[in-house]
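Right, one structure below, let's go through it.
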Amino acid sequence: MKTKLTLILILFISAFAFAQKTDTLAFQSKAFNQKRTIYVTTPDFYKTQSKEIKLPVIYILDGQHEWLVNPLLSTIKYLQYTHQIPQAIVVTIPLLNRVRECGIKSIEGDELPLHQFITKEVDEQIQQYHPSQYKMLIGHSFSASFSLYSYLKSPKYYSAVIANTPLDSFKELVLAMEKNKEVDKSKIFISTGGKAKNQDYYHRKLFDDLKAEFPIFFNTITTFVAENSGHTAVPIVATPYLLTQIFVDFNGRYSKIAQVDNNYKLITAPTSIKDEITKIEEASKLGNYFYPPELADLNGLASRYEASGLKDYEIAVYEMATKYFSGYYGFHFELYKLLLPNDKNRSKAYLNRAQELLSAMNLPERREVLGEIAKEKAKNGW
């Protein structure tokens with residue numbers, strides 16, 4: 001029988017998984033020979049995840065422009081909420097002089113300080129957040145060209161690059177990427193805007209000219225044309241589409257595991273518990289990198305087994321959940337309920353752990369939920 005506490009936990013999971021926190025990091029940059037500041041946004045479940053979870057990183061350039069950054073952060077958050085893209089460490093990088101810092105004087109010359117700043121200094125600064133090797137760079141206009149440049153300089157560092165309406169050295173960059181055998185064109189995502197003079201005329205014209213001149217290159221990369229959009233509107237319009245293209249396989253990575261019918265019952269009987277867990281682990285990929293199930297994934301998988309009365313499979317999924325989210329009290333409480341009828345000692349241990357974790361959290365619901373846990377303990381004579 002579902003308890004009041006279960007309802008509270010289910011409701012809390014929804015809000016808890018998608019809250020965010022932003023840290024300000026200021027440090028002396030050797031590349032720029034001055035103090036620079038970046039902003040690091042993490043999902044709130046970051047506090048509860050185990051060190052085994054390495055989050056992908058999304059770098060956003062032009063962090064000095066609120067009109068650009070705020071919509072992009074909102075887009076990322078919404079697509080994460082709808083499970084179209086993974087949770088991530090989002091690093092916002094303000095530029096002091098975007099023309100000087102992003103301007104490409106020579107493709108073959110010394111690396112731009114901004115490239116060294118991102119791939120070395122910022123990379124080092126964010127190690128404390130346990131990043132994965134999956135790195136993405138997003139730029140607009142001048143910083144879009146720089147994004148392509150940075151990928152060209154370090155094609156193995158980035159897993160994807162979004163260049164919203166580039167212009168500066170665009171042709172030179174295309175030529176260089178065509179020649180560089182290490183460049184994986186499937187990682188390149190470019191957008192442009194409307195043709196009208198009051199829209200994105202010059203950037204669009206160059207885009208169209210290069211597309212006609214280099215058809216093989218443009219047929220290999222992913223592009224998006226934001227018709228009728230002005231230059232500054234392009235990243236707001238294009239980025240959601242390009243992000244969903246980059247992570248096109250993310251939402252369905254567990255769709256073939258524990259498939260259910262319209263009544264939410266398993267279509268076919270599962271193999272052994274060990275085999276089911278192995279299938280989940282093997283499907284936990286982001287590109288070429290391991291990326292464990294998220295909170296929503298784990299709850300979804302557990303619910304499929306629960307609906308078909310496969311309690312032992314449900315327990316196995318929640319045990320996996322405590323492996324990856326050892327600091328999240330909700331999974332411990334679910335195991336308390338599931339184990340209570342047959343294994344009171346383990347059940348009690350999980351309830352105690354849920355109480356311990358919740359006591360350390362500064363949450364509005366803490367007092368009420370702790371009261372419910374106390375009632376559960378009293379009911380069981382603990």
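The values are calculated or read from the model by the stated rules, or taken from the named source; none is laboratory data. Please read all numbers here as calculations on a predicted model, not as lab measurements. Positions of Cβ are backbone-derived with ideal geometry, glycine not excepted, and every protein chain shown enters the neighbour counts.
Here are the numbers for this structure:
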item	result
Filter result (exposed (fewer than 14 other Cβ atoms within 10 Å of the Cβ) and part of a strand (DSSP E or B)) within segment 28-61	28, 34, 35
All positions within segment 221-232 that are loosely packed, with under 14 Cβ neighbours inside 10 Å and in contact with a helix residue (DSSP H, G or I) (Cβ under 6 Å, 6 or more places away or on another chain)	none
Residues being touching a His at 6+ places or on another chain (Cβ under 9 Å) and not in a helix (DSSP H, G or I) - total across segment 210-260	2
Segment 203-220 residues that are in the same structural domain as residue 172 (by TED's automatic domain parsing) and at pLDDT 95 or above, paired with ones that are among the hydroxyl-bearing types (Ser, Thr, Tyr) and surrounded by 13 or more Cβ atoms within 10 Å (Cβ to Cβ) (beta carbon under 7 Å, 6 or more apart)	203/165; 203/192; 204/192; 207/192
Flag if residue 77 is surrounded by fewer than 21 Cβ atoms within 10 Å (Cβ to Cβ), of a type outside the set (Gly, Ala, Ser), in the same structural domain as residue 36 (by TED's automatic domain parsing) and in a helix (DSSP H, G or I)	yes
Single residue of segment 239-256 satisfying the filter (of a type outside the set (D, E, K, R), surrounded by fewer than 18 Cβ atoms within 10 Å (Cβ to Cβ) and over 14 Å from the mean Cα position of the chain (by Cα)) that is farthest from residue 306 (Cα to Cα)	241
